[in-house]
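Chemist: There's a structure below that I have some questions on.
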Amino acid sequence: MRVGDDTDKRQNIGGSQITVLVVDDFPLVRSVVSHWLKQAGAFDVVETCGSAEEALGLISRNPPDVLVADIKLPDSDGLNLAEAARRIRPSLRILILTAADDACYARKAAKLGIEGYIRKTASLSRLVDAVRSVASGATVYELAAIGCHNSEIAERLFVSLKTVEYHVANLLAKLGARSRVQAVVTAQTRGILRR
């Protein structure tokens, strides 16, 4: 199946295309990612750039719905960029691209509340699905609340199993819960999760 053939999977925010900013220091990567997202039909790649400084300027002037950023940039890293970008636009959804399989970065991304983390070795169609998932706002907590297993959550959100386990353990600790069920009930009672 080619990306763009599955029109039923197209997802728009508020009836319009999902706007995306692609940040990677390699022009070829920016071009390929941008092309595939445009081909998918639900995305408007508003801009591409190669540095964190440039990205922050673009986010300030024309905030996208989703930021797709490389973990390693010439003037910063994707995690610092994500943190700074969220100060400009708190509702910004973020997907981190990485060439390395570094659990430390994945844990840091999870701590920052970054919605997605995907390796550059993933297929282009999987990348498109990851951007869709990030744009949809699905979170580990919401998926756990509807009974998804950790492995299923990892697959849906395009994050590692360890990232999901970290989020679930963090949720249990923050809520003082002994089980996922107790955590979900407590989170719903406190208004953290919708019922």
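Chemist: Restricting to the chain, compute how many DSSP beta bridges are antiparallel as a %, nearest 5.
Modeler: Rounded to the nearest five, the antiparallel share is 10 percent.
Chemist: Cut-off 10 angstrom, C-alpha nodes, Gaussian network model of the chain. Which of D75, D25, D44 fluctuates the most?
Modeler: In the Gaussian network model the winner is D75.
Chemist: So the label point goes 7 Å from the Cα of H149 along Cα→C-beta, right? Which residues of the range 161-175 then have their backbone N under 15 Å from it?
Modeler: Taking a point 7 Å out along Cα→Cβ of H149, the residues of the range 161-175 whose backbone N falls under 15 Å are 161-162, 165.
Chemist: What is the order of F26, F43, fewest Cβ neighbours within 10 Å to most?
Modeler: F26, F43
Chemist: Taking the Cα centre of the range 16-137 as origin and charging only Cβ (+1 Lys, Arg; -1 Asp, Glu), how large is the dipole, in debye to the nearest 20? List each step's numbers first, then the result.
Modeler: Working: 15 positive and 15 negative charges, 70 e Å.
Computed charge dipole of the range 16-137: roughly 340 debye.
Chemist: When the chain is treated as a GNM, springs tying every alpha-carbon pair under 10 Å, which of L81, L21, L172 comes out with the largest mean-square fluctuation?
Modeler: Its mean-square fluctuation being the largest, the pick is L172.
Chemist: V185 to K120: FRET efficiency via 1/(1 + (r/R0)^6), r the Cβ-Cβ distance, R0 30 Å, to the nearest 0.05? Write down the numbers at each step before the final one.
Modeler: Details: r = 39 Å, r/R0 = 1.31.
Computed FRET efficiency for V185 and K120 comes out at 0.15.
Chemist: Now for a separate question. What is the range 96-135 by shape, rounded, prolate or oblate, if you read a ≥ b ≥ c off the alpha carbon gyration tensor as root eigenvalues and call it rounded for a/c under 1.5, prolate for a/b larger than b/c, and oblate otherwise?
Modeler: Working: a/c = 3.90, a/b = 1.30, b/c = 3.00.
Oblate is the answer for the range 96-135, as a/c is 1.5 or above yet b/c matches or exceeds a/b.
Chemist: For Q39 and K72 in one chain, what is 0.36 nm times their gap in residues minus the Cα-Cα distance, to one decimal in nm?
Modeler: So the extension gain works out to 9.3 nm.
Chemist: Using a 10 angstrom cutoff on alpha carbons, build the Gaussian network for the chain and name the most mobile of T121, T48, T163.
Modeler: Its mean-square fluctuation being the largest, the pick is T121.
Chemist: Amide H to amide H under 5 Å from S76: which residues, 5+ apart in sequence or cross-chain, H placed 1.01 Å off N in plane?
Modeler: A52
Chemist: Per 0.36 nm of contour for each residue apart, how much would the distance between A84 and R107 grow if the chain were fully extended, relative to their Cα-Cα spacing?
Modeler: That pair, A84 and R107, stretches by 6.5 nm at full extension.
Chemist: Quickly estimate the mean residue ellipticity at 222 nm for the chain, helices only: each DSSP H run with n ≥ 4 gives -39500 (n - 2.57), and the total goes over all residues, rounded to 500.
Modeler: The per-residue figure over the chain is -15000 deg cm²/dmol.
Chemist: I need the P(r) histogram for the range 51-151: all alpha carbon pairs, bin width 5 Å from 0 out to the longest distance, whole percents.
Modeler: 2, 13, 22, 25, 22, 11, 3, 2, 0
Chemist: At most 16 other Cβ atoms within 10 Å and a DSSP loop assignment: could you name the chymotrypsin sites (Phe, Trp or Tyr not before Pro) in the range 108-184 that fit?
Modeler: Filter output for the range 108-184: empty list.
Read-outs: derived from the displayed coordinates by stated rules, not from any lab. Being a predicted model, the structure only gives us computed values, none of them experimental. Cβ atoms come from the backbone with ideal geometry, glycine included; neighbour counts cover every protein chain shown.
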